[in-house]
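**Q** If you scroll down you'll find the structure; I have some questions about it.
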Amino acid sequence: MPVPTQELKLYIVHAATGKTLGAKAAPGADGALVVRDYPDGGPSPEQWQLTPVQAAQGGQGQDEPAYVIRNAVTGKVLDNPADADHGVRQWDATAANKAQQWHLVPVEGEAGLYFIEGATDGAVLDLDDPGTDDTRIILREHDDSAESQHWRLVPAEPERTSDPVLRYAPLSHWNGRRSWRLTRSTALRPAPGATPSFSDMLLVLDRFGSDQDAGGWKTDGPNRSPSEHLDWWAGVGARFLARTTWGLDIVGLKPATGAVTSSSRSDGTFEDDERVLHQPGPSPSPKDLWTLAHMTGSETEVVVLCADGVRVSRQDEDGTFKPAGGELLLGAFGHGPQAGGWLADKHPRFLVDTTGDGRADIVGFHDDGVWISLQDWQGTFAPLGDEPVLRAFGHDEKAGGWLAEKHPRFLVDTTGDGRADIVGCHDDGVWISLQDEEGTFADPLYVLDDFGADQGWSSTEEHPRFLIRALHSRTSDIIGFGPQGVVVAHGRGDGTFEPSKLVLNEFGTAQQWTSKKHLRCLADVTGNGYLDIVGFGDEGVWVSHNHGGDQFEQAQLVCRGFGYNEDAGGWRVDRHPRFVADVTGNGCADIVGFGGPGVYVARNLYRRFRTR
């Protein structure tokens, strides 16, 4: 586990015994520290916070960050008094006292375990001979093979609070017209002084739902990501939001009909009529993958990965996409043998501008490595060469043994030169291949020992990871939902990343978030330009606001809907797609969900109730 930021409170647990660091059951004036059990009904274990200090020379001969380890309640700090018995205590903090500074040295090959090393002499925290009740903490010489010197940092449980949650109540008028008004409803421990972020969900369209009366929609293939910021493909039966007119419209993929849509009214509602947007090709297949993308900068186009390759349809004046089935622009990247035999569960494919010319290219990761087709100014895609552009990041062992369900891969500019680089999270951590001015990709370079399966990131579904461009910055950062919560690694602008940090003790498997029940994504819900963290949990929608850098607020429940529990709607990941996107045009993201009876919307109220 990466080192938590100083805002987070945590327990320091001895890995071998499972006991927690703290004061003796009957603490004395010497401030001695022990590891002990904390029975139910008794006092809670001590919580600690890590405050970074200036870089210092570590005992391993490397520049290691140093920390003051502070008791979150008393303010006393972990202290080395240099006594003859080598005991460790908690004591009043003294400025620039190296005896109160510590390094956290990762245990090699053991994810989430650390040696806690003194900055003065390189001695590490260990256990004294066990006593009758508590075992005292002492300092001993570092020993790589000593399991008694291994410690685990466990973030404390997050404090669960809520914004005031508002519900829609029907309001009838004398002329038979019906409207809705917002009324308060009970919710989880309202945060003091908070004002509403979202309304409760409102059924705005009785189509595109999983119930038979709403169309009986069933997703047979991959669905879109819940955030419109990400480039994903959709399979037959998928429903998502896309720009086919001025606003974000509803698009669904019907097996026989093709892509159908209900246009946005730009007020959080949609037209009742369902019209055909794009007809399927001559031989439609459940293996076909669809997306709506801006291939040439401004115009929206339908792109389909078919059996015979890449087919593209451009939007006509009437808002539909022609020709029916699309024009075959490239006989590659398709699932048929004539187009390379690309499979959705093995071979990720992307539409991304790799050269900075404003035109989307096609990039695919096949068995033997990376293949790229560049788009020219006429909208033509270059045929594939005889060899991949990089024999790495591929499914076969010779190309790295990258698995789609386990090892996410991205194309993003990490250096600010306008060209997309390849970044991937493998078992051991993050690898990168930089693109030069000639369009050549360098051999992969290992740049970060986190975000990999060896560090507990078991799958792409259970632990989503993203590469995003920071606000007003030329760097790209990694952000992911790890085992203990939200982890961030800031890009340095040269293709490498700073050490990862745990910035929020929420949205991780340790807090009972699981891909089988919950969705998590990034979206700007306040309109300040920063991506906030949004999670569809048991009780409803949780949001952690981003104030820039590592400053994420503790998550709050903002909507008592779209959640897994029955009183939150009984939403299911495999049947009910949900999205966070601006469907009202006010610059803040709303919540849209495809439930059983149809389409639900919760409007963003942030600017209505807050002043900036």
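The values are calculated or read from the model by the stated rules, or taken from the named source; none is laboratory data. Everything numeric in this text was worked out from a predicted model, so none of it was measured. Here the Cβ positions follow ideal geometry from the backbone for every residue, glycine too, while neighbour counts run over all protein chains shown. SASA here: full protein model, heavy atoms, side chains in, ligands and nucleic acids out. Shrake-Rupley method; radii C 1.70, N 1.55, O 1.52, S 1.80 Å.
**Q** Take the alpha-carbon positions of region 1-107, form their convex hull, and give its projected area averaged over all directions (one quarter of the hull surface) in nm².
**A** Computed as one quarter of the Cα hull surface, the answer is 7.9 nm².
**Q** Now, a different point. What percent do you get for the relative contact order of region 335-398 when only Cα pairs under 8 Å and 6+ apart count?
**A** This gives 25 percent for region 335-398.
**Q** Please state, rounded to one decimal and in Å, the Kirkwood hydrodynamic radius that region 294-374 gives when every pair of distinct Cα atoms enters the mean of 1/r.
**A** With all distinct Cα pairs of region 294-374 included, I get 13.2 Å.
**Q** Post the alpha-carbon centroid distance, region 486-552 to region 73-137, in whole angstrom.
**A** 31
**Q** How about LYS76: which lysines have a C-alpha closer than 29 Å to its C-alpha, ignoring those fewer than 8 places off in the same chain?
**A** Filter leaves LYS9, LYS19, LYS24, LYS98, LYS501.
**Q** Next question. Return a whole-number percent for the relative contact order of region 492-578, with Cα pairs under 8 Å and 6 or more residues apart as the contact set.
**A** So the answer I get is 21 percent.
**Q** So how do 585-593, 400-408 stack up, highest first, on mean other-Cβ count within 10 Å?
**A** Final packing ranking: 585-593, 400-408.
**Q** Using label points projected 7 Å from each Cα along Cα→Cβ, tell me how many nm separate ASP267 and ALA194, to one decimal.
**A** A separation of 3.0 nm, rounded to one decimal place.
**Q** Sorting check: for 304-310, 244-250, which peptide has the highest mean count of neighbouring beta carbons within 10 Å, and how do the rest follow? Please list the in-between numbers first.
**A** Numbers: 304-310: 22.1, 244-250: 19.6.
Order by mean packing, descending: 304-310, 244-250.
**Q** Can I ask one more? First measure r as the distance between the Cβ atoms of GLN378 and THR51, then evaluate 1/(1 + (r/R0)^6) with R0 = 56 Å and state the FRET efficiency to the nearest 0.05. Let's see the in-between values first.
**A** Details: r = 58 Å, r/R0 = 1.04.
FRET efficiency, GLN378 to THR51: 0.45.
**Q** With the Cα gyration tensor of region 379-504 giving a ≥ b ≥ c as the square roots of its eigenvalues, does the rule (a/c under 1.5 for rounded; else a/b larger than b/c for prolate; else oblate) give rounded, prolate or oblate?
**A** Judged from the Cα gyration tensor, region 379-504 comes out oblate (a/c at least 1.5, b/c at or above a/b).
**Q** Another question about this same structure. How do TRP542, TRP233 rank by accessible surface area computed with a 1.4 Å probe, from largest to smallest?
**A** Accessible-area ranking of TRP542, TRP233, largest first: TRP233, TRP542.
**Q** Can you order the peptides 84-93, 409-418 by their average number of other Cβ atoms within 10 Å per residue, highest first?
**A** Values: 84-93: 16.5, 409-418: 19.8.
So the peptides 84-93, 409-418, ranked by packing, come out 409-418, 84-93.
**Q** Let me ask you something else. By a straight-distance test (C-alpha under 22 Å), which lysines pair with LYS287 as possible cross-link partners, with residues fewer than eight away in the same chain excluded?
**A** Output for LYS287: LYS218, LYS254, LYS322, LYS346, LYS406.
**Q** For region 280-419, just say rounded, prolate or oblate: build the C-alpha gyration tensor, square-root its eigenvalues into a ≥ b ≥ c, call rounded for a/c under 1.5, and beyond that prolate if a/b exceeds b/c, oblate if not.
**A** On the way: a/c = 1.96, a/b = 1.29, b/c = 1.53.
In terms of gyration-tensor shape, oblate.
**Q** Sort region 469-545 into rounded, prolate or oblate with this rule: let a ≥ b ≥ c be the square roots of the eigenvalues of the Cα gyration tensor; rounded if a/c is under 1.5, and if a/c is not under 1.5, prolate when a/b is larger than b/c, oblate otherwise.
**A** Note, shape of region 469-545 comes out oblate.
**Q** Given Cα pairs under 8 Å that are at least 6 residues apart, what percent is the relative contact order of the chain?
**A** This gives 11 percent for the chain.
**Q** Between TRP174 and LEU445, what is 0.36 nm times their sequence separation minus the Cα-Cα distance? Round to one decimal in nm.
**A** Once the chain is fully extended between TRP174 and LEU445, it gains 90.5 nm.
**Q** A further question on this structure: For region 538-612, state the average projected area of the convex hull of the C-alpha atoms over all orientations, rounded to one decimal in nm². Could you put the intermediate results ahead of the total?
**A** Values: hull surface 24.1 nm².
Average of the hull's projected areas for region 538-612 equals 6.0 nm².
**Q** May I pose another question? Using a cut-off of under 14 Å, list every residue of region 199-218 whose amide N is near the label point 7 Å from the Cα of ARG575 along the Cα-to-beta-carbon line.
**A** Residues 209-218 qualify, since their backbone N sits under 14 Å from the label point.
**Q** Based solely on its DSSP helices, what 222 nm [θ] is calculated for the chain when runs of n ≥ 4 H residues each add -39,500 (n - 2.57) and the sum is averaged over all residues, nearest 500 deg cm²/dmol?
**A** Value at 222 nm, helices only, nearest 500: 0 deg cm²/dmol.
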